[in-house]
1. Within a 10 angstrom radius of the beta carbon, how do B:336, A:87 rank from fewest other beta carbons to most?
2. Explain nothing, just the number: relative contact order of chain A, from Cα pairs under 8 Å at least 6 residues apart, as a whole percent.
3. What list of ³J(HN,Hα) couplings, whole Hz, do you get for the stretch A:55-68 from phi and the Karplus terms 6.51, -1.76, 1.60, once you set θ to phi - 60° and write x for glycine and proline?
4. Scan chain A and report its longest stretch carrying no GluC sites (Glu not before Pro) that are both in a DSSP loop and have at most 14 other Cβ atoms within 10 Å.
5. Along the three principal axes, how long is chain A when you take its alpha carbons, biggest first, rounded to the nearest angstrom?
6. Please report, in whole Å, how far the alpha carbons of the stretch A:107-262 spread along each principal axis, starting with the longest.
7. May I ask you to compute the full-extension gain from residue A:194 to residue A:251, defined as 0.36 nm times their residue separation minus their alpha-carbon distance, rounded to one decimal in nm?
8. Take every Cα-Cα distance within the protein assembly as shown, group them into 20 Å bins from 0 onward, and report for each bin the whole-number percent of pairs it holds.
Amino acid sequence: MSLEIRNIDLHYRKRQVLHQISFHLEPGEFCALLGPNGSGKSTLTKALLGLAPVSGGSVLFEGVDLLSLSRVERAKRIAYVPQSSPVPFDLRVYDAVLLGRSPYAGVRYAPADHQATLRSLEKLGLLELSDRYVNELSGGQLQRVQIARAFAQGTRILLLDEPTSALDLRYQVETMRLVREFTREGGIALMAVHDLNHAARYCNRSVMISDGHLVADGAPGEVFTSQTLSRVFDFPIDVSHGDGLVTVRPAESDHEIHVPSEWPAHRAAPRGQPNRFVEARA
Amino acid sequence: MALAELTAADLAVARNARRQQWTTVLIALSVAALALLTVYSTLKGTTSYSLADLGTALHQAAFGGELARDDQRVANVLLHLRLPRVLLAIFSGALLSLAGAAMQGLLRNPLVSPYTLGLSPAAGFGAALAILLSQSAGTAAGPYISLSAIFFSLLCSLVVLGLASTKSMNITVLILLGTALTSIFTALTAGLQYIANDEAIAAIARWTFGSVNEARWSHVVVLLVTLVVIAPYFMLRAGAVNSLAFAGDDTAKSLGVNVGVLRVSLIFLAVTGSSLVVSFIGVVGFVGLVGPHIARLIVGSDHRYLFPFSMVTGGFLLLLADTLGRLVLPPRVIPVGIVVALVGAPLFIYLILRKRNAL
């Protein structure tokens, strides 16, 4: 049932952008995809969605390679939440969420499609807004609509590309909680995100990418170390562990941090390590 | 608690169902309005006729038979002048408006129309070239104008689409290429006018006004067949166009839509249909732009309703403009292209200004 990403290579105009990316995610894992701008996070997200053609590798889920499926079949297994962007035409919230049913619908939507749409609207507390036009909504509400659409798609896997980057704190937290809820019900979520503290707080897994290479993989509590983060972001970063929480902040001058020139020993931690968040809940 | 949740969901379902019923009623009403205008426009003119005259004419067309000399004259006017003209206006408007609705959705830009790709200046150049060449060869220009116009407008669209596809159909690239091609063909037409004599210049000008004065049954049949062939395909793809228009390229792809094929195939059909229209009636602007906007105001942006309704509004708009053009200054007939621009441009300005959000 796990999502296995195996040896993904991707070239863009002869330049290799992703190098042998491999990791797998289990149901219940909310994985933060971390790395500096231009490290290949978005490219990896697009590759997994089949939007950017890979030059090698596979993405296995339930025994099939998602990349070899037709678009429609892939859309039934993996849903995507982009950064929120304005909609050029008037569209009601209900219809925006109903779009998530398009992989299943022919020319007309079936009653089951409307039921899935309603369940998704209800889950995200959007029923009262269902007649409003999406352009009238705030950025946070619009992002909720996008998540509702992805939920309505009825997939087990959710890919999110920096969905919180344009949101204020309340909506950032709300988005993280919604996705965590999705994984607690057995879903798999991979979210490109910039806020390391949010990642540490809400995700139970993280993978870090630097220059198109996977450089760290494991629970945030284990791989979020000052050494690793400083190296990945090429910038001195201080990490403190306390009260079961990991806190990340840029290091100030009185607090010398050595940015290592070599990768720390726990690079690309092997699978099967204890996962604190899952254990804490169990 | 469970009851309250159920009620909220039920209300959402009920509202959605009511909206769909209302949309269906609106479409039925507007089709009825178009039918009424069609009959009115067929009967009214420099000389007006009665419904009975039209009935007699149609009966003769369908079942044959002899008519009195006066009745035969009336029947001829109705069958060979009025009806083809009225139907040509409707089908032209419907095709341009359907093409406009599709292009706006596919390019995610409410300001584009079939002419965005530079199709109409290209057609204008084709027509001007045919007029000049046939004049110097001493032959009748008629059929060559249409052929040359459609050739150049298709050529222009293919060049724009081909070049844009090397940039993965980027929308900004597409619109800029259209602008560039517009400049080229406008300059070429101006060059032709510079070397043409007065007679040819007048002919070129008449063509660029856009008019259904020269309507023929053959034109009507070609456009009707085109509509019957392409409209169902547009309807079939309306759901995919929704995904693309509302959610953007990447999300539409993640919803299972083959965005490249969808965009290229529908835009190709849209420009082919528009080129046909332009080659028959000349350049008629604004229908492809305003028709979809009026439709959107009434039934909303869901392309499953927008596509059929755009055909109704486009046909209605062009027929209304032609009817006005015939009735305002009788016996003069103001070309439909002029009337539609005079009516359409202010309407378009109003639509832009009333938008809640910047376009």
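1. Numbers: B:336 31, A:87 21.
Result, fewest neighbours first: A:87, B:336.
2. Details: 539 pairs, mean separation 61.3, N = 282.
Once divided by the residue count of chain A, the mean separation gives 22 percent.
3. Each residue's phi maps through the Karplus curve to give 9, x, x, 8, 10, 9, 8, 6, x, 10, 7, 4, 6, 9 Hz.
4. Numbers: sites that count: A:62, A:185, A:252, A:256, A:262.
After excluding every exposed loop site, the longest remaining stretch is A:63-184.
5. Rounded to whole Å, the extents work out to 60, 40, 39 Å.
6. Rounded to whole Å, the extents work out to 60, 31, 28 Å.
7. Working it through step by step, the gained length comes to 18.8 nm.
8. Taking every Cα pair in the protein assembly as shown, the percentages come to 17, 41, 27, 12, 3, 0.
Any read-out appearing in this document is the output of simple, stated calculations on the displayed coordinates, not a laboratory observation. Treat the numbers as computed from the prediction; the structure is a model and nothing was measured. Note that we place each Cβ from the backbone using ideal geometry, even for glycine, and neighbour counts take in every protein chain shown.
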